[in-house]
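Q: I have a structure I would like to understand better, so I am pasting it below and will then ask my questions one at a time.
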Amino acid sequence: MATEPGSAPAQDQRSVLVLNSGSSSLKYQLVDVDSEQVLARGSVERIGESGSAASHTAGEQTTRSDDRVSSHGDALAILMEAFDRHGPDLDETGLVAIGHRVVHGGGHSEPQVVTEDVLEEIEALQVLAPLHNRAAAMGIRAAQAIRPDVPHVAVFDTAFFAGLPAEAATYALDREVAARHRLRRYGFHGTSHAWVSRQAAELVERPYEQLKQVVLHLGNGASASAVDGGRPVDTSMGLTPLEGLVMGTRSGDLDPAVVLTLARAGASTDEIDRLLNQRSGLLGLSGVNDFRELQQRVDAGDADARLALDVYVHRLVKYVGAYHALLGGTDLLVFTAGVGENNPALRAAVAKRLEPLGFVLDESANTAGRVVGGRVVSTPDSPVTIAVVPTNEELAIARQAVDLVG
Ligand code: ADP
């Protein structure tokens, strides 16, 4: 049961504040780890830019402000003030830890209580994830300064994939150069892939350890993974979250010579970085990165949007087929995140192409309204079960933080 602002603390309530620090934003959720309720959520956007905007929702009440926010430290102060003014009181909800989403964790396979050493490591990984890890480190330092009394836990997006087999993690590069620059495939969205694959096993009531799964996390960022008995066999993101599927604004897979060609034509490293990460993918192909808008344009007969959708689906089908082969057959194909959970037409487009491999969608189950807890959307006799399972990275982070701090 959620505690309303100002109400008395439940006897044994335990909450975790989950912080997701982006380069210019700070998103947060206060999660009751036992009831799994979200007690409050909010965000501070456009940090360091003009037109900053903050919002905080507790219970039914949402408050907004648009004061300029110049740093992650200021954003944290605004967040804490929102809890003080509008509730809930963090201590009354039994705050036991602050969990931080950290994109790049290098070789870490487990969450870590943040010490100075861990923080320095996160900062050192900025070389590999310049935007993401610098923001995470700033967020953690600011949160530690404001709440030094609770443990801070770093949960890494790469952790689930730290155990990728060497043949999946290794780029076919000169070994000495790769080792010097730590060039390998790390994989991202790991918190989601781990959570969703486990939930999917529960949904179909089969042992996690015995299932061969392909998980498609399709949000603004998108990634696929092959999971065999709970262990990742491969994933589509690599050194950074740029590799793999077509995404909202990222290109995904390319011939590396595209980069060389642009560089030889005079583009700077930063320009190429922005092109591939922020101006490519669905946005680059069609002018919009939001899937709902893309679908509307496709329905209205827009040829660019049609091609963008076709490229997106083509890449997905290729990955699922490849993972089907790597796994030696698939038991379960799982769709998750904004697009995967909410777009039946996209699921149908992918499944239709995969039907000859035994992925048989049940049209009425696929289109039967919003998926709340998770739903099987394949026919009862489909050789591969297809499911939609909502992701919940915040709850996954909250649980891992609690498990670590006890
Ligand atoms: P991220 O967390 O990577 O920012 P999300 O998982 O929120 O992304 O997914 C964002 C994408 O999901 C957008 O392209 C959006 O159009 C799509 N999406 C979100 N909700 C819906 C919905 N109710 N119906 C259709 N598409 C949706």
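The values are calculated or read from the model by the stated rules, or taken from the named source; none is laboratory data. On a predicted model such as this, the values are computed, not experimentally measured, just so you know. A quick note on method: Cβ atoms are made from the backbone with ideal geometry, for glycine too, and the neighbour counts reach across all protein chains shown.
Q: Give the stretch 72-97 a look and list any residue that's in a loop (DSSP other than H, G, I, E, B) and either surrounded by 20 or more Cβ atoms within 10 Å (Cβ to Cβ) or small (Gly, Ala, Ser) (or both), or say none. Steps first, answer last, please.
A: To start, the set of residues in the stretch 72-97 that are in a loop (DSSP other than H, G, I, E, B) comprises 87-94.
Listed by number, the residues that qualify are 87, 88, 93, 94.
Q: How many residues does the stretch 154-167 contain that are touching a residue at least 60 places away in the same chain (Cβ under 8 Å) and surrounded by fewer than 18 Cβ atoms within 10 Å (Cβ to Cβ)?
A: 2
Q: Please go through the stretch 124-173 and pick out each residue that is of a type in the set (S, T, N, Q) and within 20 Å of the chain's Cα centre (by Cα). Quick ask: steps written out before the conclusion?
A: Start the filter on the stretch 124-173 by keeping residues that are of a type in the set (S, T, N, Q), which leaves 126, 133, 144, 158, 170.
Once the filter is applied, which keeps residues that are of a type in the set (S, T, N, Q) and within 20 Å of the chain's Cα centre (by Cα), the stretch 124-173 yields 126, 133, 158.
Q: Give the number of residues within the stretch 338-373 that are modelled with pLDDT of 95 or more, among the small types (Gly, Ala, Ser) and more than 13 Å from the ligand (Cβ to nearest atom).
A: Looking only at that region, the number is 6.
Q: Could you tell me which numbered condition residue 31 fails, if it satisfies all but one of (1) within 22 Å of the chain's Cα centre (by Cα); (2) at pLDDT below 95?
A: Every condition holds for residue 31 apart from (2).
Q: Still on this structure, please answer the following. Within the stretch 239-251, is there a residue that is loosely packed, with under 15 Cβ neighbours inside 10 Å and at pLDDT 95 or above?
A: As a first pass, look at the stretch 239-251 and keep what is loosely packed, with under 15 Cβ neighbours inside 10 Å: none.
The answer is no, given that none of the residues of the stretch 239-251 is loosely packed, with under 15 Cβ neighbours inside 10 Å and at pLDDT 95 or above.
Q: Restricting to the stretch 267-308, name every residue that is closer than 14 Å to residue 250 by Cα, in a helix (DSSP H, G or I) and within 16 Å of the ligand (Cβ to nearest atom).
A: Correct list: 277, 278, 281, 282, 283, 284, 285, 286, 291, 308.
Q: I would also like to ask the following. Tally time: how many residues in the stretch 188-216 are within 16 Å of the ligand (Cβ to nearest atom) and either modelled with pLDDT under 95 or in contact with a Pro (Cβ under 9 Å, 6 or more places away or on another chain) (or both)? Lay out the reasoning, then the answer.
A: Start the filter on the stretch 188-216 by keeping residues that are within 16 Å of the ligand (Cβ to nearest atom), which leaves 188-193, 195-196, 199, 215-216.
Subset that is either modelled with pLDDT under 95 or in contact with a Pro (Cβ under 9 Å, 6 or more places away or on another chain) (or both): 188-190, 193, 196, 199.
The number of residues fulfilling the criteria is 6.
Q: Out of the stretch 205-220, which residues are surrounded by fewer than 15 Cβ atoms within 10 Å (Cβ to Cβ) and part of a helix (DSSP H, G or I)?
A: Passing the criteria: 209, 210.
Q: Only residues that are crowded, with 18+ Cβ neighbours inside 10 Å and of a type in the set (Gly, Ala, Ser): list them for the stretch 26-49, please.
A: 40, 42, 43
Q: Condition (residue is free of Cβ contacts under 8 Å to residues at least 60 places away in the same chain, within 16 Å of the ligand (Cβ to nearest atom) and closer than 24 Å to residue 317 by Cα) applied to the stretch 217-229: is it met by at least one residue? Full working, then the answer.
A: The initial filter retains those residues of the stretch 217-229 that are free of Cβ contacts under 8 Å to residues at least 60 places away in the same chain, namely 221, 223, 227, 229.
Checking the rest, the ones that are also within 16 Å of the ligand (Cβ to nearest atom) come to 221, 223.
Narrowing further to those that are closer than 24 Å to residue 317 by Cα: 221, 223.
So far as the stretch 217-229 goes, yes, one or more of its residues are free of Cβ contacts under 8 Å to residues at least 60 places away in the same chain, within 16 Å of the ligand (Cβ to nearest atom) and closer than 24 Å to residue 317 by Cα.
Yes/no matrix, rows are residues, columns are (1) surrounded by fewer than 17 Cβ atoms within 10 Å (Cβ to Cβ); (2) among the hydroxyl-bearing types (Ser, Thr, Tyr); (3) more than 20 Å from residue 240 (Cα to Cα):
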site: 278; (1), (2), (3): yes, no, no
site: 287; (1), (2), (3): yes, no, yes
site: 292; (1), (2), (3): yes, no, yes
site: 303; (1), (2), (3): yes, no, yes
site: 318; (1), (2), (3): yes, no, yes
site: 324; (1), (2), (3): no, no, yes
site: 331; (1), (2), (3): no, no, yes
site: 342; (1), (2), (3): no, no, yes
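Q: Shifting gears a bit: Out of (1) part of a helix (DSSP H, G or I); (2) within 16 Å of the ligand (Cβ to nearest atom), the odd one out for residue 335 is which?
A: Among (1) part of a helix (DSSP H, G or I); (2) within 16 Å of the ligand (Cβ to nearest atom), the lone unmet condition for residue 335 is (1).
Q: Can you give me the number of residues within the stretch 144-155 that are among the aliphatic types (A, V, I, L, M) and either closer than 13 Å to residue 16 by Cα or part of a strand (DSSP E or B) (or both)?
A: Taking the stretch 144-155 and keeping what is among the aliphatic types (A, V, I, L, M), we get 145-146, 150, 153-155.
Now narrow it down to the ones that are either closer than 13 Å to residue 16 by Cα or part of a strand (DSSP E or B) (or both): 150, 153-155.
Adding up the residues that qualify gives 4.
Q: Name the residue that is surrounded by the most Cβ atoms within 10 Å (Cβ to Cβ), counting only residues in the stretch 120-153 that are under 13 Å from residue 80 (Cβ atoms) and of a type in the set (Val, Ile, Thr).
A: 150
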